[in-house]
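Derivation of every value follows stated rules applied to the coordinates shown; laboratory data play no part. Everything numeric in this text was worked out from a predicted model, so none of it was measured. Positions of Cβ are backbone-derived with ideal geometry, glycine not excepted, and every protein chain shown enters the neighbour counts.
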Amino acid sequence: AGTSELSQELTVTAQRLQQDYPLEISMAVEGTPRALHPVVRDEVCRIGDEALINAFQHAKATMIEVVISYRPSVLVLGVR
């Protein structure tokens, strides 16, 4: 598993949304990306996908910022 899979998978979701809606989406990665256990990666991707979709559908967002932060013992995914 590559260390950039998480950001790549979330980018695919963002691009899909941008095809259908007038959205500006920025993605940032903080810290040093590292391999995640496949189950953890899949769950974080599902959570991120849902957060992106919800940001548009429920908040009617026109700009969405995604931050993936790799900290020493924690992975933080922010969508705003």
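Provide the gained length on full extension for the span Leu23 to Ile53, in nm with one decimal, where the gain is 0.36 nm per separating residue minus the Cα-Cα distance. Kindly include the intermediate steps, with their values, before the conclusion.
Numbers: separation 30, 0.36 × 30 = 10.80 nm, distance 1.12 nm.
Here the segment from Leu23 to Ile53 would lengthen by 9.7 nm.
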Correct choice for P(r) over Cα pairs in 10 Å bins from 0, in percent that was computed from the model, options (1) 16, 40, 34, 9, 1; (2) 21, 58, 21, 0; (3) 18, 55, 23, 4: (3)
FRET E, pair Glu5, Met63, Förster distance 35 Å, beta-carbon r, rounded to 0.05: 0.90
Inter-label distance for Asp42 and Leu75, nm, one decimal - labels placed 7 Å from Cα along Cα-to-Cβ: 1.3 nm
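Can you give me the relative contact order of region 5-79 as a percent, contacts being Cα pairs under 8 Å and 6 or more apart?
Once normalised by length, the contact order is 39 percent.
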